[in-house]
Amino acid sequence: MSESGHSATGYIVHHLTNLKVGEGFWTLHLDTMFFSISLGALFLWLFMKAAKSATSGVPGPLQNFCEIMVDFVDTQVKDSFHGRNPVIAPLALTIFIWVFLWNAMDLVPVDLLPAIAGLLGIPYLRVVPSTDLNSTFGMSIAVLLLVYYYSIKVKGPVHFTMEVLTHPFGKWFMPFNLLLRIVEDLAKPISLGLRLFGNLYAGELIFILIALLPWWIQFTLGWPWAVFHILVITLQAFIFMVLTIVYLSMAHEDH
């Protein structure tokens, strides 16, 4: 840092700046897109490989891992989802593994990939997609759209509209019921997106602050924080998955 003439503030700002293209509303964060798509492809490849090589005999490490993940997610769906929908379990599995992989990028040394990118002429590189509000809100809004889709599909347009207008205070308070529903529906993606973003942004910032310290202090503080952060990234993926299951379960219930 000192050799490049960067101050501590400049170092932090540099590591928290995305590689962008476009202006205003049409700004695209290329690093977020790259790592999100790459990690999603990694997830698909791993599970497809495990499925193709699955055996009824002694399973290998990859098959063991995939079976544990599938059983874990299946248990959560059975406990939280009370309807019948074959999409929910695969969706929950995808969300849990994909968000976990997003978060796990926080364990990569903060200077490693940006330094490699710098050698290739790339000025900025943020490697943790969940520290970008665009990605967390994108996934949470997708969940909200699924909630609307299944609410209308399961209950029908008329019953869904009546539920929105008459629940919870009856038909004589339709404007108030509608206002409450709007607030409730806005709270879902905001809470999902901000919770994931806030926790991972704070974790990434602590790693960056540790990187500003002398190397022997980095080693002393970095390993304990990394071990603790493994729990954080797993918990955040789990919370996002469970809340998605709960929201979709509510969409299948007819009041």
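Structure summary
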{"quantity": "Hits in segment 110-147 - residues which are loosely packed, with under 14 Cβ neighbours inside 10 Å and in contact (Cβ under 8 Å) with a residue 40 or more places away in the chain", "calculated": "PRO123"}
{"quantity": "Residue pairs meeting the criteria (Cβ under 7 Å; at least 6 apart or on separate chains; first without any contact (Cβ under 8 Å) to a residue 24 or more places away in the chain, in segment 184-201; second surrounded by fewer than 19 Cβ atoms within 10 Å (Cβ to Cβ) and among the charged types (D, E, K, R))", "calculated": "none"}
{"quantity": "Elements of type helices (runs of 4 or more DSSP H) contained in segment 1-80, each with 1 or more residues being in contact (Cβ under 8 Å) with a residue 24 or more places away in the chain and more than 18 Å from LEU91 (Cα to Cα)", "calculated": "8-15, 30-52"}
{"quantity": "Conditions (1) crowded, with 17+ Cβ neighbours inside 10 Å; (2) more than 23 Å from the chain's Cα centre (by Cα); number of the one not met by TRP98", "calculated": "(2)"}
{"quantity": "Members of segment 210-233 found to be in a helix (DSSP H, G or I), touching a residue at least 24 places away in the same chain (Cβ under 8 Å) and surrounded by fewer than 15 Cβ atoms within 10 Å (Cβ to Cβ), listed by number", "calculated": "ILE230"}
{"quantity": "Condition check for THR32: polar (S, T, N, Q), within 30 Å of PRO214 (Cα to Cα) and at pLDDT 95 or above", "calculated": "yes"}
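Every residue, every condition in (1) at pLDDT 95 or above; (2) exposed (fewer than 10 other Cβ atoms within 10 Å of the Cβ); (3) in contact with a helix residue (DSSP H, G or I) (Cβ under 7 Å, 6 or more places away or on another chain); (4) under 17 Å from TYR247 (Cβ atoms), yes or no:
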position: ALA41; (1), (2), (3), (4): yes, no, no, no
position: SER56; (1), (2), (3), (4): no, yes, no, no
position: GLY60; (1), (2), (3), (4): no, no, no, no
position: GLN63; (1), (2), (3), (4): no, no, yes, no
position: GLU67; (1), (2), (3), (4): no, no, no, no
position: PHE81; (1), (2), (3), (4): no, no, yes, yes
position: VAL87; (1), (2), (3), (4): no, no, no, yes
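Here's the yes/no breakdown for (1) assigned to a helix (DSSP H, G or I); (2) surrounded by 14 or more Cβ atoms within 10 Å (Cβ to Cβ):
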| site | (1), (2) |
| --- | --- |
| SER151 | yes, yes |
| VAL158 | yes, no |
| MET162 | yes, yes |
| PRO168 | no, no |
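The values are calculated or read from the model by the stated rules, or taken from the named source; none is laboratory data. Predicted, not measured: the structure shown is a model, and the values here were computed from it. Every residue, glycine among them, receives a Cβ derived from its backbone with ideal geometry; neighbour counts consider all protein chains shown.
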